[in-house]
Amino acid sequence: MKAIKYLYLTTLLLLSTLSFAKDWQSKSSDEYARCDILIHGFSFKKDSDQYFGDLPNQVIWDSSEEIEVAAPTVAQGILEKMENCAHDAPVTLRPHSYGAAVVHFILGKGNLFQDAFPDHPYVLIYKRTTEVYAFTGAYHGTPLMDVVCANRFTRAIIELLGTSCVKGLSTSEIDNVGTKVTSAGIPTYLIYSTKREAYLGTTGLLLAKHMVSFKDFRKGLRNQNDDTLPLYAAKGCAVKQIMESPDAQCEKLDPYFMEDFYHTNEYGHLEFRKIREFMYMTK
Amino acid sequence: MKQSKAKKKISLISSALVMGVSLVFCFIFIKSENSSLSFFSSREINFNQFDQNQVISRESFPKNNQTSDRNTSLKDQLHSNPSRLPAAEPSHTESRSVKKYKKVVNLPPNFIPLGKRDPLTDKYSPRTKTALGEDESLSLNLLPSHYFLNLERNKEETYRVSLRTQYKDRPVDVRLSVHDQLGKPYPIRKVRPGLYKMTLNSSELTPGKKYFEFQARYKNSEVWSRLSLEVNQSLVRHLRPIDQGLNAQGNLFFNHEFLFHQEGTYLIEGILYHENSPIAQVSKVLKNVPQGPSQLNLQFHGYFFSQKKISGHFQLKSLQVRKVDDALKTFGNQWIELNSETSYLSWQQFNSRAYENEIIRNKIERLTQR
């Protein structure tokens, strides 16, 4: 009886050990197969370590800075995260919102200067990155930031409350990422939302009216958005335009490499950030 | 006797404890195979990338039109019943990305095939901006002459904004005010009811970024809008075309002479048109250019035209010139329209030898070796 008991216990322990070993082995090899790096968007806090919850490999940066100012820090962060990956692993960047604009800038510069400045951080990132999954990318900014930047009085109040005017995130004609670089040269899969429910849909309604004439608005024409960004910005359209439906097509900023990938009407602009399955979406 | 009974009891209890611990141990590991957020997976060697291979596929997420027909939304599934998460599938995105990469693997890194739009025209050609008041009755249409303006020495430049105001679709005279980001006001001239002009000449324009805020008031309605303008000193002046056509390798080239106003490193981007449509963009970095006249030879690799069998007249439509520093910051934003056209070229005359783009080849290898 005693012998059976000990045999049973030994078997259990052995199985557990084997299971652990198998698990460890498969995980460690899997881990080296992929390298996903998350880059957050605009945040009211300067450092946003909780932006994606406890999802790993997040690049923390000061999103109240303009694209050119923030880009070196973001690039440094991406390179540091790449250090965690196997040398030959395909690298996928997963930026959200304003982060997508900064990532497009870094890759675009890396693409442009790969021959002339081969050792620059932007070029190193361009060389190692294989894909980008852009979650509601702010390629044209948002009219909401226009309000923040509107005039000195509003700006003073808003800056007092901790929100700064970021012109690269406004709809400014000279500051958006599309005026700085054209092609990132990396396949970019666009994930966008048209859910408008936050704050009772107030900001969504405001954006729905953006670029739409009074007459057409009365007739029911709405510029699609996710309460934060107009759809044309998230879909990386070459020019600002009215998009009546999520399926509306536009020529992309980077027509060869950008493509519409996934549309959701269930998650708003900020809702999916901490859902691991959503953030690691791929085909 | 009592002692042996006590010993048996202790032995049984300890055995049960060991079994229990082992069962818990097994349970944890069995669970860890199904869940990435398991106890042990968070203690992996490479903590930063736990179980990233367990990715979710786009197909696993239903499209909106599909979700609307379902009783339970995807969000409900994810939040209320994590065990009903869409199953992870092996990744196939690589093939999609690989296909994209394969189309450019035989092109040089500075060559970008274009779609239907010309990115430089989009960037530099102003469009009308419409703003509406809160009560939606008053509208303000702004059409600037430039987004980027370059000041040339001894040459007068003008920045103009045309303003149209309407109340319930009728042109109306309104109270208008314009000021920049520093609060400096600018005068506006009325042309006719509902149409105003703002004009600034070179002496009023200093290099830098300007953000003009426009406010219009009519009855109880108010509307505001803003325009941005970047003013730069001119970087170069086009002197003359020298030559264009196919070089000895069968690559398309355009050779022009420019006067560089400052020494430094420059990034030049050119847009090529074919039959009135944009077809390709190339870039070139000129390092340590001296002040004074210099030649620029911009080349489009012939393989693209040979492979796609594109014949006809080719036009170097325009250039964008920017100055670059060591941090890769660019300055200047100068747009030069050239409209320099070649004679008729047959696709068979172009270079048919593929370019070997090693960086793209390396990306393809990394995506396919998994």
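What follows is calculated from the coordinates using simple rules that are stated; it is not laboratory data. The structure presented is a predicted model; accordingly, all values stated were derived computationally and were not measured. Glycine gets a Cβ as well: all are built from the backbone with ideal geometry, and neighbour counts include every protein chain shown.
Within 10 Å, Cβ to Cβ, of B:K317, how many net charges do the neighbouring residues add up to if Lys/Arg are +1 and Asp/Glu are -1?
Taking every Cβ under 10 Å from that of B:K317, the sum is -3.
Take every residue in peptide A:172-183, count the Cβ atoms of other chains within 10 Å of its Cβ, and give the average of those counts.
Counting Cβ atoms of other protein chains within 10 Å of each residue's Cβ and averaging gives 6.
Give me a single rounded figure for A:206-212: the average over its residues of other chain Cβ atoms within 10 Å of their Cβ.
2
Testing the spin-label approximation: label points 7 Å from Cα along Cα→Cβ at A:L205 and B:H238. State their distance in nm.
It works out to 5.1 nm between the two label points.
Using Stokes-Einstein with the Kirkwood hydrodynamic radius over Cα pairs, what translational diffusion coefficient do you get for segment B:127-233 at 25 °C and a viscosity of 0.890 mPa s, in µm²/s rounded to a whole number? Each step should come with its number before you reach the end.
Details: Rh = 14.3 Å.
Stokes-Einstein gives a translational diffusion coefficient of 172 µm²/s.
For B:Q291 and B:N276, calculate 0.36 nm times their separation in residues minus their Cα-Cα distance, and state this gained length in nm to one decimal.
Answer, rounded to one decimal: 1.9 nm.
I'd like the FRET efficiency for B:Q369 and B:S311, computed as 1/(1 + (r/R0)^6) with the beta carbon distance as r and R0 of 22 Å, rounded to 0.05.
Working from the Cβ atoms, E equals 0.05.
About the Cα centre of segment B:308-370, how large is the charge dipole given +1 on each Lys and Arg Cβ and -1 on each Asp and Glu Cβ? Please answer in debye to the nearest 20.
About 320 debye.
What are the semi-axes of the equivalent ellipsoid of segment B:235-349, taken as the square roots of 5 times the eigenvalues of the Cα gyration tensor, listed largest first and rounded to whole Å?
27, 14, 13
Given axes a ≥ b ≥ c from the Cα gyration tensor, I'd like to know whether segment A:36-279 is rounded (a/c under 1.5), prolate (a/b larger than b/c) or oblate. Before the final figure, lay out each step's value.
Numbers: a/c = 1.61, a/b = 1.46, b/c = 1.10.
Because a/c hits 1.5 or more and a/b exceeds b/c, segment A:36-279 counts as prolate.
Which whole number gives the average count of other chain Cβ atoms within 10 Å of the Cβ atoms across peptide A:111-119?
Numbers: counts 5, 12, 8, 5, 7, 10, 7, 1, 0.
Per-residue shielding by partner chains comes out at 6.
What Kirkwood radius, in Å to one decimal, follows from the Cα pairs of segment B:299-370?
Radius from the Kirkwood sum: 15.6 Å.
Which pairs break 23 Å Cα to Cα here: B:K129/B:K329; A:K127/B:K317; A:K109/B:K103; A:K109/A:K235; A:K109/B:K102; B:K100/B:K323?
From B:K129/B:K329; A:K127/B:K317; A:K109/B:K103; A:K109/A:K235; A:K109/B:K102; B:K100/B:K323, over 23 Å: B:K129/B:K329; A:K127/B:K317; B:K100/B:K323.
Rounded to the nearest 0.05, what FRET efficiency do B:R361 and B:K168 give with R0 = 51 Å and r taken as the Cβ-Cβ distance? Could you check?
That pair, B:R361 with B:K168, gives E of 0.25.
Within segment B:162-244, list the trypsin sites (Lys or Arg not before Pro) lying in a DSSP loop whose Cβ has at most 16 other Cβ atoms in a 10 Å radius.
Within segment B:162-244, the qualifying trypsin sites (Lys or Arg not before Pro) (loop, at most 16 other Cβ atoms within 10 Å) are B:K168, B:K219.
Count charges around B:F305 for me, please; just the other residues with Cβ under 13 Å from its Cβ, Lys/Arg as +1, Asp/Glu as -1.
Overall, the nearby charge balance is +2.
Local charge sum around A:Y126 (other residues, Cβ-Cβ under 11 Å, Lys/Arg +1, Asp/Glu -1)?
Result for the local shell: +4.
Compute the FRET efficiency between A:A198 and B:E222 as 1/(1 + (r/R0)^6), taking r as their Cβ-Cβ distance and R0 = 35 Å, and round to the nearest 0.05.
0.85
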